[in-house]
Structures are given as C-alpha cells and as structure tokens.
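**Student:** There's a structure below that I have some questions on.
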Amino acid sequence: MSVDTGLDIDGIHDALIAGARAQFPDLRTVSDYHDERKTLETPAVLFELVAFEGDEDADPGTEQLAMVARFEARVVLGFRTPLVEREVRKLAAALALWIRGNRFGQPIDPAEILAVEPDPFDPDLDQFAVWSVEWRHQVHLGTSVWINDGVVPTALFSWVPRTGVPHEDDYLPIP
C-alpha cells in the first residue's frame, strides 16, 4: 500500500474530463469551470470542485489535512434536443452511475453520490435543460510525512540461541 495519499487536484480534474469523454463519446463539450456558456455546444458536462469540508475525525496520522471534497457536474442539453427533459435525466443518471464508487486514479475514498437533480440556478444556462450530479470523496490534502527515500526493512527470523549480530548469517526470510 502506498503512503502517498495526497489528492492531486489537477490530476482529478484531468481524470474527470478524460474519463467522461471516453465513457460518453457523444458529448460535444466536457470541461471544468467553463466560462463561455452562451455558445456552449451541447450535449455537455461541466465539472466543478465546489467545496472542501473539514473532516477532523478522519485524521490519517500523516500530518495531512483530512477533508471531504464536494464536486458537481452539470449535464447540459439544448432545448431543441428531442424529448429534452427525458434525455437530460437519462444522461444525468448515467453520469451518476459512472461516478459512483470511482476514484479517478487518485488515492481517495470512492465517490459517494449526494444528489442527482434539476439545476435551475445558473442564469447563463436559461436556454438549456440542466441537471446536476453532486458527489463527495474523503481526501487528504498535502504530503504525507511518511514519504521518504528510506528502505523498507525485510523481516527475518532465527532460533535461540542463534540470534544477534554474531549470527546474522543464520537469519532467514519469513516465508
């Protein structure tokens, strides 16, 4: 097991985008923090890391900061999509299914889905049908104090009285 348990924020964003593109090849836009929403090509999925919440009860003993990272993905379809209200729900549900339990290549807890629901709160997306998928991961921020260049010792055994420095050659690896 690796002692490197720190969240790579760039790495998880890149993995979300690449993974969604691979899982849903019909998406025209997959991005994070997409600024230009007036000319958004749909169907689209827009990812955001929206908050870190403290999780002091989950202190990993590594001097890293234990947090819960909350993410959102907005599933966006144009109103001209046939059966748009049904299709946006189907795509949001499929996205949630893909996200659930995923770690996105990071040393973090599996994704826990919090909600899959309509997202009417962004005025820039008024001309679209939008649903959001919210989820969280328990994560560690920072670098573990246990990461070093040392050598992990090998466990050996011997029998009494053949112990100690004078009998180093008598020790055998534990099978």
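**Student:** Of all residues in the range 35-82 being surrounded by fewer than 18 Cβ atoms within 10 Å (Cβ to Cβ) and among the β-branched types (Val, Ile, Thr), which is modelled with the lowest pLDDT?
**Tutor:** Restricting to residues being surrounded by fewer than 18 Cβ atoms within 10 Å (Cβ to Cβ) and among the β-branched types (Val, Ile, Thr), the top hit is Thr39.
**Student:** Still on this model: I'd like the residue in the range 59-78 that is of a type in the set (A, V, I, L, M) and within 17 Å of the chain's Cα centre (by Cα) and, out of all such residues, is nearest to Gly11 (Cα to Cα).
**Tutor:** Step one: list which residues in the range 59-78 are of a type in the set (A, V, I, L, M), which gives 65-69, 73, 75-77.
Cutting the leftovers down to within 17 Å of the chain's Cα centre (by Cα) gives us 65-69, 73.
Values: Leu65: 18, Ala66: 18, Met67: 17, Val68: 17, Ala69: 14, Ala73: 17 Å.
By that ranking, first place goes to Ala69.
**Student:** Sticking with this one: Of Trp135, Trp159, which residue is outside any helix (DSSP H, G or I) and in contact with a Leu (Cβ under 8 Å, 6 or more places away or on another chain)?
**Tutor:** Just a single option satisfies the conditions, and that option is Trp135.
**Student:** Related question: Out of the residues in the range 118-142 that are over 13 Å from Arg74 (Cα atoms) and in contact (Cβ under 8 Å) with a residue 60 or more places away in the chain, which is nearest to the chain's Cα centre (by Cα)?
**Tutor:** His137
**Student:** Restricting to the range 110-131, count the residues that are at pLDDT 95 or above and either of a type outside the set (A, V, I, L, M) or part of a loop (DSSP other than H, G, I, E, B) (or both).
**Tutor:** 6
**Student:** From the residues in the range 78-100 that are basic (Lys, Arg) and in a helix (DSSP H, G or I), which one is farthest from Leu27 (Cα to Cα)?
**Tutor:** That would be Arg86.
**Student:** Is it true that Arg103 is modelled with pLDDT of 95 or more and part of a strand (DSSP E or B)?
**Tutor:** Values: modelled with pLDDT of 95 or more: yes; part of a strand (DSSP E or B): no.
Spelling it out, it is not the case that Arg103 is modelled with pLDDT of 95 or more and part of a strand (DSSP E or B).
**Student:** While we're on this one: Pick out the one residue from Ala111, Ala115 that is loosely packed, with under 14 Cβ neighbours inside 10 Å, hydrophobic (A, V, I, L, M, F, W, C) and within 18 Å of the chain's Cα centre (by Cα).
**Tutor:** Ala115
**Student:** Of all residues in the range 116-141, which are under 20 Å from Thr29 (Cβ atoms) and of a type in the set (D, E, K, R)?
**Tutor:** Of everything in the range 116-141, those that are under 20 Å from Thr29 (Cβ atoms) and of a type in the set (D, E, K, R) turn out to be Asp119, Asp122, Asp124, Asp126, Glu134.
**Student:** If you check Val145, Val151, which single one turns out to be without any contact (Cβ under 8 Å) to a residue 40 or more places away in the chain, farther than 26 Å from Asp35 by Cβ and assigned to a loop (DSSP other than H, G, I, E, B)? Show your work before the answer.
**Tutor:** On the way: Val145 fails: without any contact (Cβ under 8 Å) to a residue 40 or more places away in the chain.
Matching residue, one of Val145, Val151: Val151.
**Student:** Filter the range 139-172 down to residues that are closer than 30 Å to Ile108 by Cβ, of a type in the set (A, V, I, L, M) and modelled with pLDDT of 90 or more and give me whichever is surrounded by the most Cβ atoms within 10 Å (Cβ to Cβ).
**Tutor:** In this case the residue turns out to be Val139.
**Student:** Going by what's in this entry, would Ala15 be described as under 12 Å from Val130 (Cα atoms), of a type outside the set (Phe, Trp, Tyr) and in contact (Cβ under 8 Å) with a residue 24 or more places away in the chain? So that I can check it myself, show each step before the final result.
**Tutor:** Working: under 12 Å from Val130 (Cα atoms): no; of a type outside the set (Phe, Trp, Tyr): yes; in contact (Cβ under 8 Å) with a residue 24 or more places away in the chain: yes.
For Ala15, the condition - under 12 Å from Val130 (Cα atoms), of a type outside the set (Phe, Trp, Tyr) and in contact (Cβ under 8 Å) with a residue 24 or more places away in the chain - is not met.
**Student:** Please count how many residues of the range 32-53 are part of a loop (DSSP other than H, G, I, E, B), of a type in the set (A, V, I, L, M) and within 19 Å of the chain's Cα centre (by Cα). Full working, then the answer.
**Tutor:** Of the range 32-53, the ones part of a loop (DSSP other than H, G, I, E, B) are 33-43.
From what is left, the residues that are of a type in the set (A, V, I, L, M) are 40.
Now narrow it down to the ones that are within 19 Å of the chain's Cα centre (by Cα): none.
Number satisfying all stated conditions: 0.
**Student:** Scan (1) in contact with a Phe, Trp or Tyr (Cβ under 8 Å, 6 or more places away or on another chain); (2) surrounded by fewer than 14 Cβ atoms within 10 Å (Cβ to Cβ) for the single condition Arg89 breaks and write down its number.
**Tutor:** Of everything listed in (1) in contact with a Phe, Trp or Tyr (Cβ under 8 Å, 6 or more places away or on another chain); (2) surrounded by fewer than 14 Cβ atoms within 10 Å (Cβ to Cβ), Arg89 misses just condition (2).
The values are calculated or read from the model by the stated rules, or taken from the named source; none is laboratory data. This one's a predicted model, so the numbers in the text were calculated from it and none came from an experiment. Reconstructed Cβ throughout: ideal geometry from the backbone, glycine too, with neighbour counts over all protein chains shown.
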